[in-house]
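**Q** Here's a structure for you.
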Amino acid sequence: MEHLGVELIRIWRGSVESISARHFFIASRTKKWMSWSIVLFVCMLVGSIALMILPAKTHTLYLEDFVEGLIAIGLFGFLCFRSIYYALAFPKSNISMDKEGLWPTHMPKNGSLIYWSDIAGYETGSPLMKRLHLLDHYDHRLMTIHYHIDRYDELVEEIQRRTRLDIVK
């Protein structure tokens with residue numbers, strides 16, 4: 001019976017900690033723009049394929065036209081693939097944080113918690129793809145934080161406060 005009481009207290013404390021966790025999600029405007037880019041690139045891809053397949057009224061399909069069509073299909077196909085890839089990766093970019101550390105929101109806290117004491121450094125991504133990579137004591141990446149997270153600055157300030165790192169934004 002005493003064991004049951006301890007277990008109930010543990011469950012109650014766990015629920016209080018999960019309520020006090022703060023969550024940082026991908027900004028809705030980023031999702032909206034990504035959706036529009038997918039629509040645009042799919043339309044451009046379909047248009048490029050249609051220009052290759054449909055016969056032209058004024059002339060036959062020359063080699064130059066064929067090569068230009070292949071280049072357009074390759075370019076818009078690549079952009080389509082990249083946009084869809086990032087759109088599918090968005091849910092994995094959300095982050096949760098509490099007094100113990102932070103973890104990806106799509107995973108349970110128990111198996112994926114990164115304790116504040118484990119974060120020893122950081123590195124920033126390229127200027128084109130702004131990211132903040134949190135590093136452990138051996139310079140291995142623990143987590144990547146994308147700049148398009150809503151309240152990104154608040155998250156970075158909290159990481160600075162908890163880890164005492166001087167992060168350049």
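**Q** Quick check on my filter: what residues within the range 127-141 are open to solvent by 60 Å² or more (accessible area, probe 1.4 Å) and either within 13 Å of MET97 (Cβ to Cβ) or under 17 Å from the mean Cα position of the chain (by Cα) (or both)?
**A** Within the range 127-141, PRO127, LEU128, MET129, LYS130, ARG131, ARG141 meet the criteria.
**Q** Scan the range 112-122 and give yes if some residue there is over 27 Å from ILE167 (Cβ atoms), surrounded by 14 or more Cβ atoms within 10 Å (Cβ to Cβ), within 22 Å of the chain's Cα centre (by Cα) and without any contact (Cβ under 8 Å) to a residue 60 or more places away in the chain, otherwise no.
**A** Within the range 112-122, none of the residues are over 27 Å from ILE167 (Cβ atoms), surrounded by 14 or more Cβ atoms within 10 Å (Cβ to Cβ), within 22 Å of the chain's Cα centre (by Cα) and without any contact (Cβ under 8 Å) to a residue 60 or more places away in the chain.
**Q** If you don't mind, another one. Pairs only if they're at least six apart or on different chains, beta carbon under 6 angstrom, first in the range 143-169 and at negative phi, second open to solvent by 80 Å² or more (accessible area, probe 1.4 Å); list them, first residue then second.
**A** TYR147/LYS130; ASP150/PHE25
**Q** Determine which single condition GLU68 fails, assuming it passes every other condition in (1) over 15 Å from the mean Cα position of the chain (by Cα); (2) part of a loop (DSSP other than H, G, I, E, B).
**A** So the condition that GLU68 fails would be (2).
The values are calculated or read from the model by the stated rules, or taken from the named source; none is laboratory data. Small disclaimer: the values here were computed from a predicted structure and weren't measured. For neighbour counting, all protein chains shown are included, and Cβ atoms are generated from backbone atoms with ideal geometry for every residue, glycine included. Only protein heavy atoms, including side chains, enter the accessible area calculation; ligands, DNA and RNA are left aside. Shrake-Rupley method; radii C 1.70, N 1.55, O 1.52, S 1.80 Å.
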